[in-house]
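Participant: If you scroll down you'll find the structure; I have some questions about it.
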Amino acid sequence: MFKKILAAIIFLSVYTSNSWGQEIGTAFTIIPLGVKGGDDESNLSSYMIAPKGSESYVCLDAGTINAGIQKAIGYKSLRGISEEIQRKQIKGYLISHAHLDHVAGLIINAPADTSKNIYGIPSVLNILRDKYFTWDAWANFANEGEKPQLKKYTYSPLNEGETYPLDGTEMKVRAFELSHGNPYKSTAFLISHNDSYVLYLGDTGADEIEKSDKLTNLWQTIAPIINAGQLKAIFLEVSFPNEQPDKQLFGHLTPKLFYSELSKLESLTDSKAFKKISFIVTHIKPPQKTAEKVKKQLISGKLKDLILILPEQGKHLTIN
């Protein structure tokens, strides 16, 4: 029964073009290399994004790289050899926070990678420098920290509210701090190409749970972009089912909290413009039984006419 309901909602929200994946428009191409939170090392948060028609991507988080590229090749979302795609088509990494399920792919595949930037707010880059890219943990492939520095990666700090070019691509980024188990920080990235935008949120708790105003401030900032019809998609996490106690959320959302935050955003925007946005759900945690419960609650609690996307590893999305 659940599969029939899920098929119906996806049919209403998007249409499937062919083996290349789900079609949602024409402005950006997104290739999910990993979509889960938790303990499946082959399928952890990581999304390649580029303007449509370009093969110059950046990764939004990097929990899984090589396994996700291989899956995408299998679905014909990418063409070529996995190692060469990482080396040549991924031009940099935007890291929302430094938990392992968001950086493990970057770290483990570093020996085979080429020189590029790692973008993040300073507190996130500091963790990569001091905890992961060290000679005790792995090796220092970056340009700061323990010596010798191999200088394959360059740390590129993002100050909140400022816009930066993403080297090797036609895109730009603006970073916003999020609260992921206060006071631990995560990040939202507003990606732009010409007059089109995509908003990616790393792991985040709801303001009411985090005792924070991070999401409220973010919603107020992006509302004018939505009203102008320029924001095409929002990635937002849902990690646990509604039954998860507040004290055990650890800076994550449930379906109920997901829709509560979207209702706040909707109240700040024009209704017609809001309903044109694709909402891509990320970071649903295993086990499978729990993940299925989260999906059912997302579908049953769905806001009217909301475009809800449950991405699959390796199947590309094109958003307008």
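The values are calculated or read from the model by the stated rules, or taken from the named source; none is laboratory data. Keep in mind that this is a model prediction, so the values were computed, not measured. Cβ sites come from the backbone with ideal geometry, for glycine too, and all protein chains shown count toward neighbours.
Participant: Being in contact with an Asp or Glu (Cβ under 9 Å, 6 or more places away or on another chain) and closer than 30 Å to Ile225 by Cα is the filter here; which residues of segment 136-183 pass it?
Facilitator: Selection gives Tyr155, Ser156, Glu160, Arg174, Ala175, Phe176, Glu177, Leu178, Ser179, His180, Gly181, Asn182.
Participant: Look through segment 234-282, keep the residues that are of a type in the set (D, E, K, R) and within 26 Å of Pro32 (Cβ to Cβ), and return whichever of them is surrounded by the fewest Cβ atoms within 10 Å (Cβ to Cβ).
Facilitator: Lys275
Participant: Please verify whether Asp167 is of a type in the set (Asp, Glu) and free of Cβ contacts under 8 Å to residues at least 12 places away in the same chain, treating the condition exactly as stated.
Facilitator: Against the criterion (of a type in the set (Asp, Glu) and free of Cβ contacts under 8 Å to residues at least 12 places away in the same chain), Asp167 does not qualify.
Participant: Now for a different question. Please work out which residue is farthest from Asp39 (Cα to Cα), limiting yourself to segment 74-85 and to residues that are in a helix (DSSP H, G or I) and without any contact (Cβ under 8 Å) to a residue 40 or more places away in the chain.
Facilitator: Glu84
Participant: Okay, next question. Determine if segment 122-143 includes at least one residue that is surrounded by 19 or more Cβ atoms within 10 Å (Cβ to Cβ), in a loop (DSSP other than H, G, I, E, B) and aliphatic (A, V, I, L, M).
Facilitator: No: zero hits.
Participant: Just checking, which of Gly53, Gly38, Gly63 is of a type in the set (Gly, Ala, Ser), part of a loop (DSSP other than H, G, I, E, B) and in contact with a Pro (Cβ under 9 Å, 6 or more places away or on another chain)? Quick ask: steps written out before the conclusion?
Facilitator: Numbers: Gly53 fails: in contact with a Pro (Cβ under 9 Å, 6 or more places away or on another chain); Gly63 fails: in contact with a Pro (Cβ under 9 Å, 6 or more places away or on another chain).
One residue alone meets the criteria, Gly38.
Participant: Would it be correct to say that Ile31 is over 21 Å from Leu128 (Cβ atoms), surrounded by fewer than 24 Cβ atoms within 10 Å (Cβ to Cβ) and in contact with a helix residue (DSSP H, G or I) (Cβ under 7 Å, 6 or more places away or on another chain)?
Facilitator: For Ile31, the condition - over 21 Å from Leu128 (Cβ atoms), surrounded by fewer than 24 Cβ atoms within 10 Å (Cβ to Cβ) and in contact with a helix residue (DSSP H, G or I) (Cβ under 7 Å, 6 or more places away or on another chain) - is not met.
Participant: Quick one: what pairs do we get from segment 143-160, first residue of a type in the set (Gly, Ala, Ser), second at pLDDT 95 or above and surrounded by 18 or more Cβ atoms within 10 Å (Cβ to Cβ), C-beta under 7 Å, 6+ apart or different chains?
Facilitator: Partner pairs satisfying both residue conditions: Gly145/Arg129; Gly145/Phe133; Ser156/Asn117; Ser156/Ile118; Ser156/Tyr119.
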